[in-house]
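Only one structure is covered here, and it is reproduced in the block below.
Where a number appears in this text, it was derived from the coordinates with a stated rule and is not lab data. Here the structure is a predicted model, which is why all the values come from computation and not from measurement. So basically every Cβ, Gly included, is an ideal-geometry build from the backbone, and we count neighbours across all protein chains shown.
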Amino acid sequence: MEDRFRRRIDYLRMSITDRCNLRCLYCMPPQGVTSRTRDEILRMEEILRVAEVAIQLGINKFRLTGGEPLLRKGVIPFIRSLALLPGVEDIAVTTNGTLLLEMGEQLWDAGVKRLNISLDTLDSEKFNRITRGGNLKQVWDGIEKVLEIGFAPVKLNIVALRNFNDREWADFARLTLDYPLHVRFIELMPIGTSWTMAGDSFVSCEEIVSVIEQELGELNPAKSGVRGCGPAEYYTLPNSKGSIGFIHAMSNHFCADCNRLRLTADGKLRPCLHDQHEVDIREALRSGAGDRELQQLFHKAVALKPANHHLATGAPEAGRGMCQIGG
Ligand SMILES: Nc1nc2c(ncn2[C@@H]2O[C@H](COP(=O)(O)OP(=O)(O)OP(=O)(O)O)[C@@H](O)[C@H]2O)c(=O)[nH]1
Ligand SMILES: C[S@@+](CC[C@H](N)C(=O)[O-])C[C@H]1O[C@@H](n2cnc3c(N)ncnc32)[C@H](O)[C@@H]1O
Ligand code: SF4
Ligand code: SF4
C-alpha cells in the first residue's frame with residue numbers, strides 16, 4: 001500500500017495485550033491503566049485474520065508489542081501460526097525482557113529470530129525504581145539467554161532521561177564492545193504518562209552522541225547496517241561486536257519515511273502513533289466481514305496517515321498511552 005505522501009506501508013505493529021507486569025514511570029501510572037475487558041481485546045484468531053488481510057495488501061513485516069506481549073496467553077502458538085503464513089518476511093517482538101529466560105527457546109522455535117528489549121539502566125536499584133518493582137537481574141539473565149540461543153540482532157531500547165540515566169550512556173555504549181548488542185537511545189516522547197515529564201526529562205540524541213564521543217571517541221556510521229524496519233540510525237565504536245543506535249523521534253523526526261500501521265489490542269487500526277484517528281476493525285471481524293471489506297478498512301487507515309507528528313508544536317494528546325497503542 002502507498003499513502004497520500006507516497007510512503008510505502010509494509011509494516012504492521014500489533015499490540016497483543018494492553019497489560020504489563022511492570023509500571024515504567026514514563027509509560028504507565030502507578031496503578032496501571034484500566035485494561036480493556038477480555039471481550040474487548042481481540043482474540044488470537046482475530047489478530048491472525050488481520051495479519052492475513054495485511055499480507056494480501058503487501059504488508060510483510062510484523063512486530064508484536066503491547067503492553068508486555070509475552071504475558072499474552074497463547075502468544076507462542078500465535079507466533080507459530082503467523083510465521084507459517086505465506087508472505088511473512090519478518091516477525092519481531094518488543095519486550096521488557098522479564099520473561100525471556102523462560103520463554104526464549106519457545107520464541108525461537110516458534111519463529112522469532114530477533115528481539116528488542118527495553119532496559120533503561122544498568123543499576124539494579126534504579127531499574128527497580130524506573131519500572132516500579134522490576135528486577136534487573138531477571139532481565140539481564142534473559143538477555144544473556146537469548147544471545148546464547150542465537151537471536152540476532154538483539155537490540156536494547158533505552159529511553160534517555162535526564163537526571164536518571166544520563167551518566168550511563170557511555171556504559172551502555174561500552175556494552176557493544178563485549179556483546180553483540182545494539183543499544184538504542186530513544187528520545188522521550190510526550191505521550192500518555194510522559195506528557196508532563198517530557199519537559200524536564202527530555203534529552204536529545206545529539207547530546208547523547210556528544211557525551212559518548214567525549215568518553216569513548218568518535219562514532220562511525222555502521223557499515224553494514226542493522227536488520228530492522230524502524231527509524232534508528234546506527235553507529236559503531238572501533239572493534240565493537242554490536243552498534244549504538246539513535247531514535248530521534250522529537251529532535252529530527254523520521255515521519256517522511258514512515259512505513260507502518262498499528263493494530264491496538266482492542267482492534268483498532270491506528271494510522272499514526274501520535275494521532276487520535278483510529279479505524280475500528282473489531283466489529284467488522286466479529287460481524288463476519290469478508291477479506292474485501294477488511295481490506296477497505298486498511299485502505300481507510302492508510303488514507304488517514306498524517307505527513308508527520310506535530311509534537312514539537314503542541315499536538316493534541318495521542319488519546320491513549322504507549323502501552324495501550326502499542327509503542
Ligand atoms: N515517532 C515514532 N516513534 C516510534 C514509532 N514506532 C516506534 N517508535 C519509537 O521507537 C522505539 C523503538 O521501537 P521498537 O518497538 O523497538 O521497534 P523499531 O526500532 O521500530 O524496530 P526495528 O528497527 O524493526 O528493530 C519505540 O520505543 C518508540 O519510542 C513510530 O511509529 N513513531
Ligand atoms: C510501550 S513498550 C511495549 C513493549 C514492552 N512492554 C517493552 O517495554 O519493550 C515499547 C517501547 O516503548 C517505549 N516507550 C514507552 N513510553 C515512551 C515514551 N514516552 N517515549 C519514548 N519511548 C517510550 C518503551 O521504552 C519501550 O521500548
Ligand atoms: S514500557 Fe513496556 S514494560 Fe514499561 S510499563 Fe510500558 S509496556 Fe510495561
Ligand atoms: S509519528 Fe506517526 S507519522 Fe511519524 S513515524 Fe510515527 S507513526 Fe509515522
Practice prompt. Quick one: work out Rg over Rh on the C-alpha atoms of the stretch 81-144, Rh as Kirkwood radius.
Written response: 1.08
Item to complete: Once every Cα of the chain carries one equal point scatterer and solvent is ignored, give the base-10 log of I(q)/I(0) from the Debye formula at q = 0.11, 0.13 Å⁻¹, two decimals.
Response: -0.67, -0.97
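So for the stretch 1-141, considering every pair of alpha-carbon atoms, how many percent are separated by more than 19 Å?
Value for the stretch 1-141: 55 percent of Cα pairs lie more than 19 Å apart.
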Worksheet entry | 0 to 90° range, to nearest 10: angle between helix 136-149 axis and the chain longest Cα axis | 70
Worksheet entry | Gain upon complete extension [Asp90, Asp123; 0.36 nm per residue less C-alpha separation] | 8.6 nm
Practice prompt. Using per-residue counts of other Cβ atoms within 10 Å, averaged over each peptide, order 21-29, 33-41 from highest down.
Written response: 21-29, 33-41
Discussion item. Compute the distance from the alpha-carbon center of the stretch 251-327 to that of the stretch 205-225, in whole Å.
Written reply: 33
Worksheet item: GluC sites (Glu not before Pro), restricted to the stretch 227-327: which are DSSP loop and have at most 15 other Cβ atoms within 10 Å?
Response: Glu317
Fill in: the chain: angle of helix 44-56 to the longest principal axis, Cα-based, in degrees nearest 10
90
Worksheet entry | Qualifying aspartates and glutamates (Cα of each under 13 Å from Cα of Lys113; at least 8 residues distant if same chain) | Glu89, Asp90, Glu105, Glu148
Fill in: Percentage of interatomic Cα-Cα distances in the stretch 173-271 larger than 21 Å
44
Discussion item. Please list, in order along the stretch 115-122, the HN-Hα scalar couplings obtained from phi with the Karplus expression 6.51 cos²θ - 1.76 cosθ + 1.60 (θ = phi - 60°), rounded to whole Hz, x for Gly and Pro.
Written reply: 9, 10, 10, 7, 7, 8, 7, 9
Worksheet, complete the sentence: For the stretch 117-217, using Cα atoms only, the Rg and Dmax in Å read 13.9, 40
Practice prompt. Bin width 5 Å, alpha-carbon pairs only: give the P(r) of the stretch 17-77 as whole percents, running from 0 to the bin holding the largest distance.
Written response: 4, 15, 22, 22, 17, 12, 6, 2, 0
Worksheet, complete the sentence: Partnerless cysteines (no other Cys beta carbon under 4.7 Å) identified across the chain are Cys20, Cys205, Cys229, Cys255, Cys258, Cys272, Cys323
Worksheet, complete the sentence: Restricting to lysines and to Cα separations under 19 Å from Lys126, and discarding same-chain partners fewer than 8 apart, the set is Lys137
Worksheet, complete the sentence: For the stretch 82-97, Karplus-derived ³J(HN,Hα) couplings (6.51, -1.76, 1.60; θ = phi - 60°; whole Hz; x for glycine and proline) come out as 4, 5, 7, 5, x, x, 7, 9, 8, 10, 10, 10, 9, 9, 7, x
Discussion item. Suppose a student asked you for the relative contact order of the chain, using Cα pairs under 8 Å spaced at least 6 residues apart; what percent would you report?
Written reply: 22
